[in-house]
Amino acid sequence: MRVTVLGCGGSAGVPHIGGADGAGDWGACDAKEPRNGRSRSSIVLEWDGFRLLIDTSPDMRSQFLANRIGRIDAVLYTHTHADHIAGVDDVRLLNRLLNAPLPTYVTEPTLDYLRQHYEYVFRPYNGGFFVRPVLAPRIIAPGQTIVIGGREFQIFEQDHHFTKSIGFRCGSFAYSTDVVRLEDGVFDLLSGVDTWLLAAFQRPPHPTHLNVEGAVAWSRRVGARRTVLTHMGNDLDWAWLQKRLPEGVEPAHDGMVIECR
Ligand SMILES: [Zn+2]
Ligand SMILES: [Zn+2]
């Protein structure tokens, strides 16, 4: 299975809008290091010609073009925050390429939110040209093992303080974005995972996101061979992380490709 990191930035991306002359607020990040430019967090998993998109970020269009991603077979949503859903209008292009409504793996609360805020993507589709996005929901719940494209996904709940998000394990790979706390049972489920793409937002502790120190501790706890940090804010410079992170932990960058079993 191939995992492509479409975006590994926090909700504002890196740089933030602002900075001197509007050129961007890079915070502690070196503006000259291309791996510090981070779009909003999203990934694509690909195996046997099947592509699963995780979240539809507001940067989805440029992410697809930059990574030469055309057709997508399904999408899975982690939670309702705007940095993970706001690109949903561009799904109409994916509908056109697939020539069908897009199978959408989503929890009941996330679906309720999407129905309230993007009602038009759930109206019945009666065939013809996709002038709007059409999602075909398939309800999932934490604790379930579901099969997508012939592969098993173990879905688990993550505490994101103000809300819940979901993470998943698929064979030797796991993805956890937007999380600050996990139940003991989830650590057990993740035990021995080979590669964990794990969100770490900043250096100091944060009420809704894990920080770098926490991510390193979690990585050790599950015994991951390789932990790749994502959803990073502008106080996490790529070279700074690369130099200080312990063996087996590294920062992601937009466009990074991870090969897993
Ligand atoms: Zn987020
Ligand atoms: Zn979030």
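FYI, it's all coordinate maths here, none of it is from the lab. Not measured: the values here are computed from a predicted model. Neighbour counts are summed over all protein chains in view; Cβ atoms, including those assigned to glycine, are modelled from backbone coordinates with ideal geometry.
With Cβ to Cβ distances under 13 Å as the rule, what net charge do the other residues near W196 carry (K, R +1; D, E -1)? List each step's numbers first, then the result.
On the way: positive: R169, R220, R221, R225, R226; negative: D194, E250.
Every neighbour counted, the sum reads +3.
Using packing as a proxy for protection, rank 96-105, 118-127 so that the peptide with the highest average count of other Cβ atoms within 10 Å comes first.
96-105, 118-127
Electrostatic tally near F156: other residues with Cβ closer than 14 Å to its Cβ, Lys and Arg +1, Asp and Glu -1, net -4.
Across the range 1-131, the relative contact order, built from alpha-carbon pairs under 8 Å that are at least six residues apart, equals 20 percent.
Estimated from the Cβ-Cβ distance and a Förster radius of 30 angstrom, the FRET efficiency linking Q144 and R225 is about 0.70. Peptide packing: for 142-148, 10-16, 211-217, the average count of neighbouring Cβ atoms within 10 Å per residue gives the ranking 10-16, 211-217, 142-148, highest mean first.
Normalised radius of gyration (Cα atoms, divided by 2.2 N^0.38 Å) for the range 190-259: 1.02. Summing Lys and Arg as +1 and Asp and Glu as -1 over all other residues whose Cβ lies under 12 Å from the Cβ of P58 gives a net charge of -3.
Rg ratio for the range 1-150: its Cα radius of gyration over 2.2 N^0.38 Å, N being its residue count, equals 1.11. Subtracting the Cα-Cα distance of E259 and D194 from 0.36 nm times their residue separation leaves 22.3 nm of extension gain.
Which of rounded, prolate, oblate describes the range 71-135, given a ≥ b ≥ c as roots of the alpha-carbon gyration tensor eigenvalues and a/c under 1.5 marking rounded, otherwise prolate only if a/b is larger than b/c? Here the range 71-135 falls in the prolate category. Extents of the chain, largest first, come to 55, 49, 35 Å (Cα atoms, principal axes, whole angstrom). Expressed per residue, the C-alpha convex hull volume of the range 59-213 stands at 129 Å³. Translational diffusion coefficient of the range 33-108 (Stokes-Einstein, Kirkwood radius from Cα pairs, 20 °C, 1.002 mPa s): 167 µm²/s. Every pair of different Cα atoms in the range 137-238 enters the Kirkwood calculation, which places the hydrodynamic radius at 13.9 Å. The spacing between the range 59-124 and the range 176-200, judged by their C-alpha centroids, is 24 Å. With contacts taken as Cα pairs under 8 Å at a separation of at least 6 residues, the chain carries a relative contact order of 21 percent.
Remark: the R2-R181 segment gains 61.7 nm on full extension, using 0.36 nm per residue and subtracting the alpha carbon distance.
The slack in the chain from R203 to H16, taken as 0.36 nm per residue of separation less the alpha-carbon distance, amounts to 65.6 nm.
Does a label point 7 Å from the Cα of H161, set along Cα-to-beta-carbon, have any residues of the range 11-35 with amide nitrogen under 19 Å, and which are they? Answer for the range 11-35: 11-14. Note on the chain: antiparallel DSSP beta bridges, both residues inside, total approximately 55 percent of the bridges counted.
Here's the picture: a label point sits 7 Å out from the Cα of R115 along the beta-carbon direction, and within the range 127-165 the residues with their amide nitrogen under 17 Å of it are 134-141.
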